[in-house]
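The values are calculated or read from the model by the stated rules, or taken from the named source; none is laboratory data. A quick note: this is a predicted structure, and the numbers were derived from the prediction, not measured. Neighbour counts run over all protein chains shown; Cβ positions are idealised from the backbone, glycine included.
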Amino acid sequence: MRFHLVDRIHSVERWHGIEAVKHTSSSETYWSTDDLGPYMPMAIQLEVLAQSAAWLVYLSTERTRRAVLLSVGSVITRAKVRPGDEIHATAEIRSTGDTIVVSGRLRVADRVVLDVEDLMCALIDADILEDADSVRGREELLRSGERA
């Protein structure tokens, strides 16, 4: 099963960073619940950042490579994400080589909800994971400003 957690790409600076957006909705199936109601689990928040980083790698490599998560250095949860929140993800490349290391942050409005350091990814051929035409179509939607 595939699930996409990036709805829009605001900006990309090749080999440096990306700014992306995830719109949340109560109709999504991953919510956990606490005394205040539904919230997005930390693992899903981390996946939002990882998918943003994967788009950064894909676009930085001229659409030839994809990022596959190997390890995560540290994750700090700072606040809950609730249905209806708009998550702003920023990710920056820290080092490149046989692997790539990315760090990033998720924000909702003016508050930081998640900080991630040293997300290490392997680089694989882009065509291994998904059909190139399908990925390009999704890229066009994400970069057009339309909700994907």
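Scanning the stretch 1-18 for residues that are surrounded by fewer than 17 Cβ atoms within 10 Å (Cβ to Cβ) and either touching a residue at least 24 places away in the same chain (Cβ under 8 Å) or within 19 Å of Leu142 (Cα to Cα) (or both) turns up Arg2, Phe3, His4, His10, Ser11, Glu13, Arg14, Trp15, His16. The single condition among (1) within 19 Å of Glu139 (Cβ to Cβ); (2) surrounded by 18 or more Cβ atoms within 10 Å (Cβ to Cβ); (3) over 15 Å from the mean Cα position of the chain (by Cα); (4) among the charged types (D, E, K, R) that Arg66 does not meet is (3).
The helices (runs of 4 or more DSSP H) found entirely in the stretch 38-148 that carry 1 or more residues being touching a helix residue (DSSP H, G or I) at 6+ places or on another chain (Cβ under 8 Å) and farther than 17 Å from Ile18 by Cα are 126-129, 132-144.
Among the listed residues Asp133, Asp110, identify the single one that is out of contact with any Phe, Trp or Tyr (no Cβ under 8 Å at 6 or more places or on another chain), farther than 30 Å from Asp34 by Cα and of a type outside the set (Phe, Trp, Tyr).
On the way: Asp110 fails: farther than 30 Å from Asp34 by Cα.
Answer to the selection: Asp133.
Of everything in the stretch 109-146 that's over 15 Å from the mean Cα position of the chain (by Cα) and of a type in the set (Lys, Arg), which residue is nearest to Gly84 (Cα to Cα)? Filtering the stretch 109-146 for residues that are over 15 Å from the mean Cα position of the chain (by Cα) and of a type in the set (Lys, Arg), the one nearest to Gly84 (Cα to Cα) comes out as Arg111.
In summary, Val72 fulfils each of the numbered conditions (1) modelled with pLDDT of 95 or more; (2) more than 15 Å from the chain's Cα centre (by Cα); (3) of a type in the set (A, V, I, L, M) with the single exception of condition (2).
Can you pull out every residue in the stretch 88-121 that is modelled with pLDDT of 95 or more, closer than 18 Å to Val57 by Cβ and small (Gly, Ala, Ser)? Result: Ala89, Ala91, Ser95, Ser103, Gly104.
On inspection, Val21 does not qualify as among the aliphatic types (A, V, I, L, M) and part of a loop (DSSP other than H, G, I, E, B).
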